[in-house]
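Chemist: Dropping a structure here in structure tokens format, bear with me for questions.
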Amino acid sequence: IALYFAFKPNMNDVDRAERLSPFLFGLTLVPAIGFYDGLFGPGAGSFYMLAFVALAGYGVLKATAHTKLLNFASNIGGFIVFAAFGVVYWKIGLMMGVAQFLGARVGASLAMRIGAKLIKPLLVIVCLALAVKLLADPANPLRALIGV
């Protein structure tokens, strides 16, 4: 995903032709990425971004807005499940919620002002950092598969 966004030319805030109808997009990709998010979690927002830009034809700013909405919905679903089982760490969760709200305010303001010039490099950096973190994790099953 990082390589796609790093090397894709003409990636900006302008919408392009859609390759997948909104109905088919919502029927196939959204549930598939949502399932991945519920099962594994890390990087689901990057998958949504890739799908919105490459298949729905959205510009980077519009794709970011839609990605945030779907990530929020997925997080609410996860919260409901964890709350139902009584395994929510309320103090930590509330602190994270406040920090996320403040970060979202700053991020949305910057995204509206700067757009793809800010979002694209940040997305590449975050994707690379997440890939390194996941590959460096001793519990990652890929490490056993490649013999590291």
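Computed from the coordinates by the stated procedures, all read-outs in this text should not be read as laboratory data. Just so you know, these numbers come straight off a predicted model, no measurement behind them. Glycine gets a Cβ as well: all are built from the backbone with ideal geometry, and neighbour counts include every protein chain shown.
Chemist: Return the calculated 222 nm mean residue ellipticity for the chain, to the nearest 500 deg cm²/dmol, obtained by summing -39500 (n - 2.57) across DSSP H runs with n ≥ 4 and dividing by the residue count.
Modeler: -23000 deg cm²/dmol
Chemist: Further question: Between segment 1-26 and segment 117-144, how far is it from one alpha carbon centroid to the other, in angstrom?
Modeler: For segment 1-26 versus segment 117-144, the Cα centre distance is 21 Å.
Chemist: Net charge near G59: determine it from the other residues with C-beta under 9 Å of the C-beta of G59, scoring Lys and Arg +1 and Asp and Glu -1.
Modeler: Computed value for this residue: 0.
Chemist: Now for a different question. Need one word for segment 13-130: rounded, prolate or oblate. Basis is the Cα gyration tensor (sqrt eigenvalues a ≥ b ≥ c); a/c below 1.5 gives rounded, then a/b vs b/c decides.
Modeler: oblate
Chemist: Right, something else. Mind putting a number on the dipole of segment 2-146 about its Cα centre? Charges go on the C-beta only, +1 for Lys and Arg and -1 for Asp and Glu, and I need it in Debye to the nearest 20.
Modeler: Using only the charged Cβ atoms, the result is roughly 320 debye.
Chemist: Given the pairs K8/K120; K68/K117; K68/K120; K68/K91, which span a C-alpha to C-alpha distance of over 22 angstrom in this model?
Modeler: As for pairs spanning more than 22 Å Cα to Cα, those are K68/K91.
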